[in-house]
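Since the structure comes first, as structure tokens, the remarks are kept for the end.
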Amino acid sequence: MKGFSYFIGIYMLSLLLTACSATPGESTKTREAESLLASLKRIPQKGFLFGHHDDPVYGIGWDGDENRSDVKSVCGDYPAVMSFDLGHIEKDSDKNLDNVPFERIRKEIVAQYHRGGMVSVSWHVDNPVTGKDAWDVSDTTAVGSILPGGVNHEMFLGWLDKVAGFMNSLSLADGTKIPVLFRPWHEHTGSWFWWGQNLCTIEQYKALWRMTYDRLQEKGATHLLYAYSPGTEPNEIAEYLERYPGDDIIDLVGFDTYQFDRQEYVDGMEKALGILTEVGKMKDKPIAITETGYEAIPDSTWWTETLLPVIRKYPISYVLVWRNAREKKAHYYAPYPGQSSADDFVKFYQDTCTLFVRDLKDIQF
């Protein structure tokens, strides 16, 4: 077992220092959120966490089963990071945009916390002007319309309150709120979401982040960490940070990228990880590959011959692949039993750099 046996002492020390060194008003985060952040900074000393979106709620050939996971079915272990999406919570729907009940998501977040793992949450929120999905870029006034003074501002504050309500419901029996990494307004260096680069100004994008953060803080969601995750479009540090909303808001920096052409993917990863490593040092933030993958994983050795050789060279805290859709043919990013890359994924799992739930038995996020 590639355990974290020595890490418990470091982790407990971080808890003690957090409790003893903070002065009133110095931090607006809960103790648990601060401990998660400290742990994310230390993870690269031993490797990186592996994550999978919607991992325990559906997969290839199944939907809604309890205690099931395509990743676990292949390697015998759960991902150390699980992510979920809040899209449609703004509509008062009981299910998200991928037809997963919010109550089930809540249950799985609690379960992942009890396993000792971590949770990330994204929000593919519908276009507030057109009412269509997050990918509707037909109107360039959406961001401006929800900022203070905009025609949809009050409506959008209500949407943020629904997010806050869900986040605040993520608690244990004793009332402790489960720390979560929140990742809104992602991939903004592209223009396929209504908050993308060509759909709003730099000032509007930063104001969107500030409004989001301030409202969730006001509503008591102080157990959240925040991730900034553009794509691989930036070619230098200044471009990466062009729309960065501020050190006081952002806790982790990352990027999203997917493979289409292998060499372009590898080159893009190297470029982005080089930039990200420098930004992490400059800002004293943990870094991560917040979304990646190769749809349907047609390369049987992709895990150990494409992904791993690149990312093991950089001090990332985690890498997360996207979902295994049960409603779309060949739209999956983690292997399932019998899939062509499953054996290679087991080798990936066995590598000393990759960390899954069992590797975290001595540490709780």
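Restricting the search to the stretch 271-312, which residues are among the hydroxyl-bearing types (Ser, Thr, Tyr), out of contact with any Gly (no Cβ under 7 Å at 6 or more places or on another chain) and under 15 Å from SER229 (Cα atoms)? THR277, THR292, listed by residue number. When each of ASP256, ASP267 is tested for being modelled with pLDDT of 95 or more and surrounded by fewer than 19 Cβ atoms within 10 Å (Cβ to Cβ), the lone residue that passes is ASP267.
For the stretch 41-68, a residue qualifies if it is crowded, with 22+ Cβ neighbours inside 10 Å, closer than 23 Å to THR304 by Cβ and out of contact with any strand residue (DSSP E or B) (no Cβ under 6 Å at 6 or more places or on another chain), and exactly one does: GLY59. In summary, ASP248 fulfils each of the numbered conditions (1) without any contact (Cβ under 8 Å) to a residue 40 or more places away in the chain; (2) surrounded by 15 or more Cβ atoms within 10 Å (Cβ to Cβ); (3) within 22 Å of LYS29 (Cα to Cα) with the single exception of condition (2).
Scan the stretch 336-351 and tell me whether some residue there is in contact with an Asp or Glu (Cβ under 6 Å, 6 or more places away or on another chain) and buried (at least 22 other Cβ atoms within 10 Å of the Cβ).
The answer is no; no qualifying residue exists.
Annotation: LEU157 fulfils all but one of (1) assigned to a helix (DSSP H, G or I); (2) more than 24 Å from GLU218 (Cβ to Cβ); the unmet one is (2).
The values are calculated or read from the model by the stated rules, or taken from the named source; none is laboratory data. Since the structure is predicted, the reported quantities are computational estimates derived from the model, not experimental observations. All Cβ positions, even for glycine, are placed from backbone atoms using ideal geometry, and neighbour counts span all protein chains on display.
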